[in-house]
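Right, one structure below, let's go through it.
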2 protein chains.
Amino acid sequence: MSEEQRHRVVVVGGGFGGLNVTKALAHADVDVTVVDRTNHHLFQPLLYQVAAGILPPGLIAPALRGVIRKQKNARALLAEVTDLDLDAHVVRASGPDGRPLELPYDTLVVAGGATHSYFGRDEFARYAPGMKTVEDARHLRDQILLAFEMAELATDPQERAEWLTFVVIGAGPTGVELVGQVAELAHTVLPQDYRAVDTHEARILLLEGAGAVVPPFAPKLQRYTQGRLEAMGVEVRLHSLAVGMDGESVTLKGPDGEETIRTRTRIWAAGVQASPLAAQLAERTGAGTDRAGRIEVNPDCTVPGRPEVFAIGDMVSLDGLPGVAQPAMQEGKYVGKLIKARLAGDERTAPFHYFDKGSMATIGHRAAVADAFGMRFTGVLGYTMWGFVHVLYLIGWGNRLGTVYTWARALTFSHSRGHRIITFEQAHERAFRGPGPVEAPVRGPSRAG
Amino acid sequence: MSEEQRHRVVVVGGGFGGLNVTKALAHADVDVTVVDRTNHHLFQPLLYQVAAGILPPGLIAPALRGVIRKQKNARALLAEVTDLDLDAHVVRASGPDGRPLELPYDTLVVAGGATHSYFGRDEFARYAPGMKTVEDARHLRDQILLAFEMAELATDPQERAEWLTFVVIGAGPTGVELVGQVAELAHTVLPQDYRAVDTHEARILLLEGAGAVVPPFAPKLQRYTQGRLEAMGVEVRLHSLAVGMDGESVTLKGPDGEETIRTRTRIWAAGVQASPLAAQLAERTGAGTDRAGRIEVNPDCTVPGRPEVFAIGDMVSLDGLPGVAQPAMQEGKYVGKLIKARLAGDERTAPFHYFDKGSMATIGHRAAVADAFGMRFTGVLGYTMWGFVHVLYLIGWGNRLGTVYTWARALTFSHSRGHRIITFEQAHERAFRGPGPVEAPVRGPSRAG
C-alpha cells in the first residue's frame, strides 16, 4: 500500500459517472477508491428489460470489482457514504454491517446519482414503486407477474379486472418502455399461458402530466410513439396527474376533471430526485440546487470553493443536461482527464463540453424512436439502432453476446420471457401487502451517476 | 369449463414428479390442475450453479405455466397446499394473499418434494442455510459473495480470516458441488478482483459424517472426488459431524474429538426431509414413514386404501430409491400412464419399475464423476458427459443454448461468473444479522418431487 505517498482519489458511486472517472485514471499515478452501496455497475438504460422478465440482471449489472479487476490502481468498496467532510478531506461511509469507514482523499469525485421523486407525495411510494436499482426492477417484475397470477386465482370479476389493470405514471422514456413491456406481456407473451383469464382483457394506462409522451423528443417522434402505444392497446392520458392512490385505485386529475381508476398495479416513472449527497455538498459549499435537488457545479464540474471536489452525473445541474447516461459518462471522462492534467502540473481548466449523441427509447420489443445527429428514426430501423448502440455500451463481450442471444430468443419466440421467477416468499410478501402490493422505501443515496 | 364432466386430476407440486405426471396426461381426456407455491419448474440439479453465480435462475427455472402453455387440458395455480381432504376428495390451498382455494379431484397426485433437515437441530437453520429453492440459492450466493466483500472491508486479521473461512456440511453430491464452487471462486475466479485480501488464503472445509465423500458412489469415484477436492484446496473432514454452531463458529466432532472452527459462512448440505404433506397423507391413510419423513407407498405409487391418490418423488419411500430427479420423473410418467390406462378401463396395475440411469456429480467446473450403465467416468470426460446430460434435460432449446453459452463463457474466461449481484438491501440484511448471516426459515411443503 503506497496510499500515503500517492495522490488519493475517492470516487463516490460506481455508476456511469463514477466508473468513467475511474477508468480514465487507469494509467495515472494515483490510488482510486470507488465506494458504492451495491457491488455492481448497473447499465440502467436496459433495466426495464429486467422488470419485463427479458434479461437476467447479471448481464446488465457486472460486479464493479470485476470490471476494474485489471486496473491495479483502483479498488472497489461495498459501503454507503454518509458524510463528506470537506475540511478534513475525508469521506465517511458505513459498511453493510454498519461498521464505520474513513476514506481520506486528495481529490474527491461525488457521483451519487438520483432516485425516484414523488414530488412530496412520499406516501405514493408504497403504492407505486419506481425503478432505479436492480432490486427495484425485480420488485416490479414480481409485481407485474404476480398481478396476472392473482387474476387467474380471482373469482370475483371486479377483483380480476383490478388485477388486470396496470397504470404507469409518467411518459418519459422509462415510462414508455415499461408500459410497452406490460402491453407486450398482456397481449403477446402471456395469453396462451392462462386459462381462467384472457390477458388480452388487460387494461393498460399511461399517465403524463405534459401534453405529449416522451417530452424530450421531437413532436414527430412523440406522435409516432403515442400512435404505436395506442396500437398496442395502451390508453394514453395526457395532461393527467396522479393526485391520489390507495391499494386498489389511483385518482387522476385530467382535462375532464378527476377520475378514479380501480387498479392493483401502479408503476412510478414520473420524477427523479438527486442523491441526498447533492444537498449535503451544496450546504457545505454554498452551491445552489435546482428543483430536483441537483447541485449546481462550476463549468469544470468542481463545487464552489473546493477545486479538489467534483460532482458529476444525475446529481448535478449543469447546462440543463438531462439525467441520463451520456452526460454522466462524458463528465466522468472529463474529470478523469482533468485530474491527470492537474497532476502533470497543467492547471488550465477548459470547461466541460457535452457532445450530444442523441436520445432513444423503445416502444415494446420491435419498435423504437431515435433522435440522433439531427436525424430521426422510428420503427424497426429505430429499434435496430437502439439495440446496436445499447449492446455496444454494455460491459464485456460476454454480456454483449448474452444480451444479443436473449433478444434474438425473445424476438423469435414471442412467448420467451426467460426470467419470470416468482418465489413463494416473494409472492407471499407482495400479495400479503394485500391491496397495496410493494413497499418501495424512500432510499438514501442511490448509485447511478 | 367442462370440469364437471371431465375427470379431474389435481397435481400437488410442479417439480420433476408433478410436471411429468402432467405432461404424460397431455392427450388424456382429463382436466389437470398443477398447484405449486412458486410459479416455476426448478431444475434442481443445476441450482448450485445459481448459488455460485454462474447461471441466472431463469435458465433453470422456467415459468411452469409457460412450460405447459400448449397443453390445453392443464392449468397451473400459484398457491400453497394446506390440506388434503381424502374423504371429501378436495385439496385445500391458500393463495399468495391467504385466500382459500378448494380444488375437487377425481385423482390426486401428491408430489410435494422435500426440504432440508437439520436432524432435529433446527436452530442450525439460522447459521447454516441450505439450498432447495431459487430463493435459497440466491441467499447462498449473496452470502458467499458478501463474505469476500466483508473480508475486504475488515481491518482485524482474525475477523478477516473468519470471513474467508467457509464450511460446507455434508459431502453428498450437492455438498461436493457447492464446496467445489466455493474453492473455484476463492482460488480461480476472484483473486484478481480484490486488493486488501488475497482470496487464495480462503480456508474451505467439507464435513462429512460418513467415511467417504459422495457416499452413493463407488469407492474408486469417492477416492477420485476426495483427491480432486484436496487438490483444489478443500480440507475434507470425514467421520465429522457439526454438533454446534453460532454466528462466528462451527463445532465439529470428529475422530480426534471436538474442534471449533471460526467461520462466518456455513452451508448446510447434510440432510433432507420430506414435505409435511407426506406426514399428513401417512396419518390419514395409516401408511408408514421413514426417518426422513417420507411416506411408504404401494408398488403402484398409490397410498394405502386410496387407489385414487398417488404420492411420488422426494416425499416418497419406495424401493430405497434416492431423492433425486430420475425416480421422481419416472414415477411421474408411470402415474400419468396409469391414470390414462384406468380411464381406458384397464385396471391392471403393473408396479413401478425404476430404470437406473446412473449418478453424476461435478467437482469444481472442469471435472465430474459419473457412474452410469456399469461404467465409471472421471475428469473432463465425466464433466462432458455430465454437461451433456444436464443440458439435455433442461426445458426448452432457448434455455439449453443459453446454458451452453454461459458455460462456454465461464470455462473460457475463468473470471466469468456473470451473476454476482449484491444489492444494498441484501448486503445490509445479511451483514446486519451480523455474526449469523442468513436466516433460513424452516419451511412448509417444498415444491420439488
* Structure fact -> Summing +1 per Lys or Arg and -1 per Asp or Glu among the other residues with Cβ less than 11 Å from B:L221's Cβ gives +3
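Could you give the accessible area per residue of segment B:235-295, probe 1.4 Å, as a whole number in Å²?
Roughly 46 Å² per residue, with all protein chains present.
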* Asked: Looking only at chymotrypsin sites (Phe, Trp or Tyr not before Pro) in DSSP loops with at most 11 other Cβ atoms within 10 Å, what is the longest site-free stretch of chain A?
  -> A:1-354
* **Prolate/oblate/rounded call for segment A:90-237, Cα gyration tensor, a/c under 1.5 rounded** => oblate
* Asked: If amide H atoms are built 1.01 Å from N in the plane of the peptide, which residues on other chains or at least 5 residues away come under 5 Å of the amide H of B:L55?
  -> B:V50
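Restricting to DSSP H runs of at least four residues, report the calculated mean residue ellipticity at 222 nm for chain B, -39500 (n - 2.57) per run over all residues, nearest 500 deg cm²/dmol. Display every interim value, and only then the final one.
Numbers: 13 runs with 143 residues, N = 449.
My calculation for chain B gives -9500 deg cm²/dmol from helical runs alone.
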* Structure fact -> In short, segment B:65-108 residues buried by 50 Å² or more of accessible area relative to the isolated chain (1.4 Å probe) are B:R65, B:R69, B:K72, B:L78, B:P96, B:D97, B:R99
* To do: Note the distances from A:D300 to each other copy's matching label point, with points 7 Å along the Cα-to-beta-carbon direction, in nm, sorted shortest first.
  => 8.8
* Asked: Tilt of helix A:276-285 relative to the longest C-alpha principal axis of chain A, in degrees (0 to 90, nearest 10)?
  -> 30
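Rolling a 1.4 Å sphere over the protein heavy atoms, what is the accessible area per residue of segment B:149-203, to the nearest Å²?
Numbers: 1550 Å² over 55 residues.
Normalised by residue count, the accessible surface of segment B:149-203 is 28 Å².
Where does the protein assembly as shown land on Rg(C-alpha)/(2.2 N^0.38 Å)?
Rg over 2.2 N^0.38 Å, computed on Cα atoms: 0.97.
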* Structure fact -> Whole-percent tail of the Cα-Cα distance distribution for segment A:30-113, cut at 22 Å, equals 36
* **Protein accessible surface hidden between A and B, which excludes ligands and nucleic acids, total in Å², probe 1.4 Å** => 6000
* Structure fact -> Here the correct list, in nm and shortest first, of distances from B:E235 to the same site in the other copies, label points 7 Å along Cα→Cβ, is 6.6
* Hey, which residue of A has the C-beta nearest the axis mapping A onto B, and what's the distance in Å? -> A:P56, 2
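Quick check: at a probe of 1.4 Å, how many percent of the accessible area of the protein assembly as shown sits on carbon and sulfur atoms? Working shown, then result.
Details: 17430 of 32150 Å².
The computed percentage sits at 54.
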* To do: In whole Hz, with x marking every Gly and Pro, tabulate ³J(HN,Hα) for segment A:229-245 from phi via Karplus 6.51 cos²θ - 1.76 cosθ + 1.60, θ = phi - 60°.
  => 4, 5, 5, 7, x, 8, 7, 9, 10, 8, 6, 10, 10, 7, 10, x, 7
* To do: For helix A:325-343, report the angle its Cα long axis makes with the longest principal axis of the Cα atoms of chain A; keep it between 0 and 90° and round to the nearest 10°.
  => 10
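At 1.4 Å probe radius, can you tell me the per residue accessible area of segment A:19-88 in Å²?
Numbers: 1640 Å² over 70 residues.
Accessible surface, normalised per residue, equals 23 Å².
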* To do: Only counting protein heavy atoms at a 1.4 Å probe, give the residues of segment B:373-417, ordered by number, whose accessible area falls by 50 Å² or more when the other protein chains are present relative to the chain alone.
  => B:Y405, B:R409
* What residues in segment A:39-56 lose 40 Å² or more of accessible surface when the other protein chains are added to their chain alone (1.4 Å probe)? -> A:N39
* Structure fact -> Net charge near B:I339 (other residues with Cβ under 10 Å of its Cβ; Lys, Arg +1; Asp, Glu -1) is +1
* To do: Could you pull the Rg and Dmax for chain A, using just the Cα atoms, both in Å?
  => 22.3, 74
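Using only the Cα atoms, work out Rg/Rh for segment A:255-391, with Rh taken as the Kirkwood radius, to two decimals.
Numbers: Rg = 19.4 Å, Rh = 17.8 Å.
Ratio of gyration radius to Kirkwood radius for segment A:255-391: 1.09.
Let me spell out the model: positive unit charges on the Cβ of Lys and Arg, negative unit charges on the Cβ of Asp and Glu, origin at the Cα centre of segment B:1-117. What dipole size does that give, in debye rounded to 20?
Working: 11 positive and 12 negative charges, 120 e Å.
The calculation lands at about 580 debye.
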* Structure fact -> Expressed in angstrom and ordered largest first, the alpha-carbon extents of segment A:90-172 along the principal axes are 63, 29, 20
* Asked: Using Cα atoms only, what is the angle between the long axis of helix B:397-412 and the major principal axis of chain B, expressed in degrees (0 to 90) to the nearest 10?
  -> 10
* To do: Mind listing the label-point distances from B:F413 to the same position on all other copies, shortest first, one decimal in nm, points 7 Å along Cα→Cβ?
  => 2.6
* **Per-bin percent of Cα-Cα distances, segment B:180-294 [5 Å]** => 2, 10, 15, 16, 16, 14, 11, 8, 5, 3, 1, 1, 0
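The values are calculated or read from the model by the stated rules, or taken from the named source; none is laboratory data. As the structure is a prediction and not an experimental result, all values here were calculated from the model. Every residue, glycine as well, gets a Cβ built from its backbone with ideal geometry; the counts of neighbours run over all protein chains shown. To get the accessible areas, we keep the full protein, side chains included, count just its heavy atoms, and leave off ligands, DNA and RNA. Shrake-Rupley method; radii C 1.70, N 1.55, O 1.52, S 1.80 Å.
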